[in-house]
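Asks: Structure below; questions to follow.
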2 protein chains.
Amino acid sequence: MTENVADSGVGSDAVGLVSWRDGSARQAIVEFVDRVRGSAGTPPVPIEERIAVFDNDGTLWCEKPMPIQLDFILRRFAEMVAADESLRDRQPWKATVEHDYGWFSQLLTDHYGGDDSQVKVLLGGVLAAYAGVTVEEFEKKSDTFLRTARHPTLDRGYLECGYRPMIELLAYLAANGFANYIASGGGRDFMRPVTNELYGVPRERVIGSSTTLSYSGDVPGGSITHLPAPEFLDDGPEKPIRIWSRVGRRPLVAGGNSNGDSEMLEFTRHTDLPTLRLLILHDDPDREFGYTSGAERVLESAHREGWTVVSMKDDWTTVF
Amino acid sequence: MTENVADSGVGSDAVGLVSWRDGSARQAIVEFVDRVRGSAGTPPVPIEERIAVFDNDGTLWCEKPMPIQLDFILRRFAEMVAADESLRDRQPWKATVEHDYGWFSQLLTDHYGGDDSQVKVLLGGVLAAYAGVTVEEFEKKSDTFLRTARHPTLDRGYLECGYRPMIELLAYLAANGFANYIASGGGRDFMRPVTNELYGVPRERVIGSSTTLSYSGDVPGGSITHLPAPEFLDDGPEKPIRIWSRVGRRPLVAGGNSNGDSEMLEFTRHTDLPTLRLLILHDDPDREFGYTSGAERVLESAHREGWTVVSMKDDWTTVF
């Protein structure tokens, strides 16, 4: 199965990385791909080993002022309160109707600090929001939302919130034989309707958090519906487990931006093959958002392990 | 993404089905593929929709006198008894050392009849057998076993127990743009080391039963180990759920042979695209094994729904 891509006409055309400034991050990427192709004097890496995994929120698209999926959920919460006023005094519906974004922001801070008590309260709401909905209906809702809703501050639709340099990187890797996967804490079925269009990542390569599903043969062809129970929260140590379960290999490339990506980056290790670990640093408040909250631990690991830190401010000529 | 394969040079060369006798089953396959390719006057089916799913035990390879994975497990049980004599009086080790195959055969009969009490006893032993083993170590054991152990009665190695006509069918579908998946009740990580070689199905397209896994960052690169807890038993209604979770689409093609494949076959339904549902009938005791036990319900569905029943005796010129 070993195919020498260096000789196969598949191009390692680094000029595709047009939004990357010449610097250490771009150089690390190009040198890594050269090694994978076998154009650095070493044997090419077999095609089937060319696996790349990327977090989504804050790595491939914008996650501030709130994760895009949270906006989707909040709109559903508002619908639910309109249908049932008794929800108004219970979290997470209370914070929703009172526009108490501090509650949501605090629960993310708590989560990265290791306290998931409020995450569970939010999750309870999320699970109630789509209980009994079929996977096809859910997909329609998510698809419509992502194609019509707009980012609250960036003056662009959500489908234009992907980072252009990362989209170029995905295309560069794909052109060099990589299978790119999304390994996100966000919902698998939330992202699937748009990942191919947005990132060139087909739905079968989307790994993410998931809800427990139920099959019923009640209608011709059967139906799969959401149960009000989580299946996997694809974050932290669950990421390498879900990657293994889906792919059956350790990746060569991993990209992330937060503590929840630490284990995935750590797992991206081979003793006999080149690897590339990328950590996106949100240091550009002018063009995007400036924050390292929730990334303290992974930044320490990056510096200790020599992973490639990508400065949005210095390494990218444009963000979107 | 719609690619007209009829025009792309990829062949629908039915002569690849050399081990299929001319008859209604072969004809159903060829006519289906012609429709998918758009050579029957209808528009070609978009490549990304060309998803095929196959059960493994009894559909792609032999499952009698016992599933191949059961032989693997029994050998491990014998090792465990040698290391700990106290297991000798407990099931499933007791049946193993006493060569009481009736116990194993009865639990499968009970399972297809809806009683999983003894399946759970066996599963407890299976889970204990590899608790604490890393996924890489497990893969080595499975790989070695499958490449060295021989079928107890057929005078062939397990790697030669795949059904030749089905291997030809997988190749024919792949040549016509299909992504073939294995959706088996057998263990995902048990099959993965050999599916590409045996069936041309790469490891990321193997869906199967799985053990709960645990990630630890204790060693560089981290390690993933088996916990003594099931994750999914990929059988019955769980099959469509696992297919959806992995692929995110309904298949066009499904192949199975037992009641546990009923829901997967049922789920393989589109209102606007052609589908092919195959049920392998084990009616050839001379060349393989003759049995319909555990397939009563799915055979009824096949006749009622018009699925294609494949007679091993009449439709195949050779089995292996």
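The values are calculated or read from the model by the stated rules, or taken from the named source; none is laboratory data. All values derive from a computational prediction rather than experimental measurement. Counting neighbours? That spans all protein chains shown, and the Cβs are built from the backbone with ideal geometry, glycine included.
Asks: Out of the residues in segment A:74-94 meeting the condition of being of a type in the set (Lys, Arg) and in a helix (DSSP H, G or I), tell me which one is surrounded by the most Cβ atoms within 10 Å (Cβ to Cβ).
Replies: The first filter runs over segment A:74-94 and keeps only residues of a type in the set (Lys, Arg), leaving A:75-76, A:88, A:90, A:94.
Now drop any that are not in a helix (DSSP H, G or I), which leaves A:75-76, A:88, A:94.
Details: A:ARG75: 15, A:ARG76: 17, A:ARG88: 14, A:LYS94: 15.
In this case the residue turns out to be A:ARG76.
Asks: Next up: Tell me yes or no: at least one residue of segment A:291-299 is in contact with a Lys or Arg (Cβ under 9 Å, 6 or more places away or on another chain) and more than 22 Å from A:TYR130 (Cα to Cα).
Replies: The answer is yes; a qualifying residue exists.
Asks: Could you pull out the residue among A:VAL36, A:VAL45, A:VAL18 that is buried (at least 19 other Cβ atoms within 10 Å of the Cβ), of a type outside the set (Ser, Thr, Tyr) and either in a loop (DSSP other than H, G, I, E, B) or in contact with a His (Cβ under 9 Å, 6 or more places away or on another chain) (or both)? I'd like the intermediate steps shown before the answer.
Replies: On the way: A:VAL36 fails: either in a loop (DSSP other than H, G, I, E, B) or in contact with a His (Cβ under 9 Å, 6 or more places away or on another chain) (or both); A:VAL18 fails: buried (at least 19 other Cβ atoms within 10 Å of the Cβ).
After ruling out the rest, the residue left standing is A:VAL45.
Asks: Which of the residues spanning segment B:197-217 are in contact with a Gly (Cβ under 6 Å, 6 or more places away or on another chain) and more than 10 Å from chain A (Cβ to nearest Cβ)?
Replies: B:LEU198, B:GLY208, B:SER209
Asks: Within segment B:227-244, can you find the residues that are not aromatic (Phe, Trp, Tyr) and not in a strand (DSSP E or B)? Full working, then the answer.
Replies: Quick first cut of segment B:227-244, residues not aromatic (Phe, Trp, Tyr) only: B:227-231, B:233-243.
B:LEU233, B:ASP234, B:ASP235, B:GLY236, B:PRO237, B:GLU238, B:LYS239, B:PRO240, B:ILE241, B:ARG242, B:ILE243, listed by residue number.
Asks: Follow-up. Between a residue in segment B:180-196 that is at the interface with another protein chain (Cβ under 10 Å from one of its Cβ atoms) and among the aromatic types (Phe, Trp, Tyr) and any residue that is crowded, with 23+ Cβ neighbours inside 10 Å and in a helix (DSSP H, G or I), which pairs come within a Cβ distance under 6 Å, given they are 6 or more apart or on different chains?
Replies: B:TYR181/B:ARG205
Asks: Among the residues of segment A:245-270, write down those that are at the interface with chain B (Cβ under 7 Å from one of its Cβ atoms) and part of a helix (DSSP H, G or I).
Replies: Residues satisfying the conditions are A:SER245, A:ARG246, A:VAL247, A:GLU263, A:GLU266, A:PHE267.
Asks: Moving on. Which members of segment B:197-212 meet the condition of being within 23 Å of B:ASP116 (Cα to Cα), touching a residue at least 60 places away in the same chain (Cβ under 8 Å) and either in contact with a helix residue (DSSP H, G or I) (Cβ under 6 Å, 6 or more places away or on another chain) or acidic (Asp, Glu) (or both)?
Replies: B:ILE207, B:GLY208
Asks: Does B:ILE224 satisfy the condition of being within 9 Å of another protein chain (Cβ to nearest Cβ) and either part of a helix (DSSP H, G or I) or in contact with a helix residue (DSSP H, G or I) (Cβ under 7 Å, 6 or more places away or on another chain) (or both)? Can you show your working first?
Replies: Values: within 9 Å of another protein chain (Cβ to nearest Cβ): yes; either part of a helix (DSSP H, G or I) or in contact with a helix residue (DSSP H, G or I) (Cβ under 7 Å, 6 or more places away or on another chain) (or both): yes.
When the stated conditions are applied, B:ILE224 passes them.
Asks: Sticking with this structure for a sec: Among the candidates B:ALA171, B:ALA175, B:ALA183, B:ALA229, single out the residue that is small (Gly, Ala, Ser) and at pLDDT below 95. Spell out the reasoning first.
Replies: On the way: B:ALA171 fails: at pLDDT below 95; B:ALA175 fails: at pLDDT below 95; B:ALA183 fails: at pLDDT below 95.
Every option except B:ALA229 fails the conditions.
Asks: Related question: Going by the structure shown, is A:SER311 of a type in the set (Gly, Ala, Ser) and either surrounded by fewer than 24 Cβ atoms within 10 Å (Cβ to Cβ) or under 22 Å from A:GLU31 (Cα atoms) (or both)? Break it down into steps so the answer makes sense when it comes.
Replies: On the way: of a type in the set (Gly, Ala, Ser): yes; either surrounded by fewer than 24 Cβ atoms within 10 Å (Cβ to Cβ) or under 22 Å from A:GLU31 (Cα atoms) (or both): yes.
Yes, satisfied.
Asks: Inside segment A:112-166, can you point out the residues that are of a type in the set (Lys, Arg) and modelled with pLDDT of 95 or more?
Replies: Of the residues in segment A:112-166, the ones of a type in the set (Lys, Arg) are A:120, A:140-141, A:147, A:150, A:156, A:164.
Of everything in segment A:112-166, those that are of a type in the set (Lys, Arg) and modelled with pLDDT of 95 or more turn out to be A:LYS140, A:LYS141, A:ARG147, A:ARG150, A:ARG156, A:ARG164.
Asks: Let me ask something else. Quick test for you: out of B:ARG304, B:ARG250, pick the one residue that is surrounded by fewer than 22 Cβ atoms within 10 Å (Cβ to Cβ) and out of contact with any Pro (no Cβ under 6 Å at 6 or more places or on another chain).
Replies: B:ARG304
Asks: If B:TRP316 satisfies all but one of (1) free of Cβ contacts under 8 Å to residues at least 60 places away in the same chain; (2) in contact with a Ser or Thr (Cβ under 9 Å, 6 or more places away or on another chain), what's the number of the condition it fails?
Replies: Condition (1) is where B:TRP316 drops out.
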